[in-house]
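Written out below as structure tokens is the structure these notes cover.
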Amino acid sequence: MDWAHRLSRAVTRMGLRSAWLFQLGVALCVGAFVAAVLMWMDHASWPAALAGAAIALVPALLTGGVALNLASALAQSTQQRQMLCVDDELTGVSNRRQFLRLADREWARCRRYGDDGALLLIDTDHLRRINDNLGQRCGDAILLEVTRRVSATLRQSDVLARFGGAELAVFLPHTDPLGALDAAERIRQQVAATPFRWDKAHVVATVSVGVAHVHAGQLALDGLIQEAEAALRTAKDAGRNCVRAAPILPRQSDPSRSVTPS
């Protein structure tokens, strides 16, 4: 079925209408070729040649139509399967799309009810260097083990995902800023506690963690993510293998600061 997948990719790139026009053009070329062959070999008259071309045109159109419908259905099925895929292939945890959907729901709940919530962004330190020195398979194995160690420190209600590349993300519902810092430090210690074994060697891997909490100044989940990213950059600039947090701000606006008319 490799030809079907190639055809489905071609149909996706061209669009179904363009693919039908292309298929019709091919069928007309086939009919014209058959007519030319009949006239050259049998010296047939134009009506006879056109009749032969029409006979050849019908199966060409039918075969092409069936192939295009199959390719279109396969392309739609592939697209739907990709839309439904919510897990990262390497680590087995949620992928970025699924995480953003779940985290946005949790962030909105925190803002609506004034609950605590926090986001951790976790970056495996120097994973690119490990890939370059020991190979991609080693880097993948380390990222998988880091994910397992991070997961071992979390509660059932926490949302863990691969955020991209060497980064993991964790949303911590019902967690205040100090609790988020404590969770981040447990993760850092858990990862750094034991070297990773790879091909009879021990590889030391660590993580840097950026922490941000839900507060009233955020207009959307993107604000929380940006604060966690800034905290993660600070952790990297501090030498890695450490935890840094965004400034702690009130999770709800302070009504006492509102101005009332005199």
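The values are calculated or read from the model by the stated rules, or taken from the named source; none is laboratory data. Given the structure is predicted, the values throughout are model-derived calculations rather than measurements. Methodologically, a virtual Cβ is constructed for each residue, glycine included, from the backbone with ideal geometry; neighbour enumeration extends over all protein chains shown. The accessibility values were calculated without ligands, DNA or RNA, using every heavy atom of the protein model including side chains. Shrake-Rupley method; radii C 1.70, N 1.55, O 1.52, S 1.80 Å.
Observations, loosely collected:
- Checking each residue in the range 164-208 for being in a strand (DSSP E or B) and under 26 Å from G114 (Cβ atoms) picks out A169, V170, F171, L172, P173.
- Applying the criterion of being of a type outside the set (G, A, S) and free of Cβ contacts under 8 Å to residues at least 60 places away in the same chain to the residues of the range 204-226, the residue that is least open to solvent (accessible area, probe 1.4 Å) is H215.
- Output for the range 137-163, where each listed residue is assigned to a helix (DSSP H, G or I) and either small (G, A, S) or open to solvent by 40 Å² or more (accessible area, probe 1.4 Å) (or both): R137, G139, D140, A141, L144, E145, R148, S151, A152
- Residues that are assigned to a helix (DSSP H, G or I) and open to solvent by 50 Å² or more (accessible area, probe 1.4 Å), drawn from the range 111-136: R111, R112, Y113, R128, R129, D132, N133, L134, Q136
- Check on A108, open to solvent by less than 50 Å² (accessible area, probe 1.4 Å) and either assigned to a helix (DSSP H, G or I) or over 17 Å from E167 (Cα atoms) (or both): yes
- Residues that are in contact with a Lys or Arg (Cβ under 6 Å, 6 or more places away or on another chain) and surrounded by 20 or more Cβ atoms within 10 Å (Cβ to Cβ), drawn from the range 169-203: V191
- Contacts under 9 angstrom Cβ, first residue in the range 74-101 being closer than 17 Å to S151 by Cβ and open to solvent by 60 Å² or more (accessible area, probe 1.4 Å), partner at pLDDT 55 or above and in a helix (DSSP H, G or I), 6 or more apart: D87/Q98
- Checking V211 against (1) in contact with a strand residue (DSSP E or B) (Cβ under 8 Å, 6 or more places away or on another chain); (2) farther than 17 Å from D116 by Cβ; (3) at pLDDT 95 or above; (4) not in a helix (DSSP H, G or I), the condition it does not meet: (2)
- R244 open to solvent by 20 Å² or more (accessible area, probe 1.4 Å) and out of contact with any helix residue (DSSP H, G or I) (no Cβ under 7 Å at 6 or more places or on another chain): no
- Candidates in the range 188-200 are the residues that are of a type outside the set (S, T, Y) and without any contact (Cβ under 8 Å) to a residue 24 or more places away in the chain; of these, the one that is nearest to C110 (Cα to Cα) is Q189.
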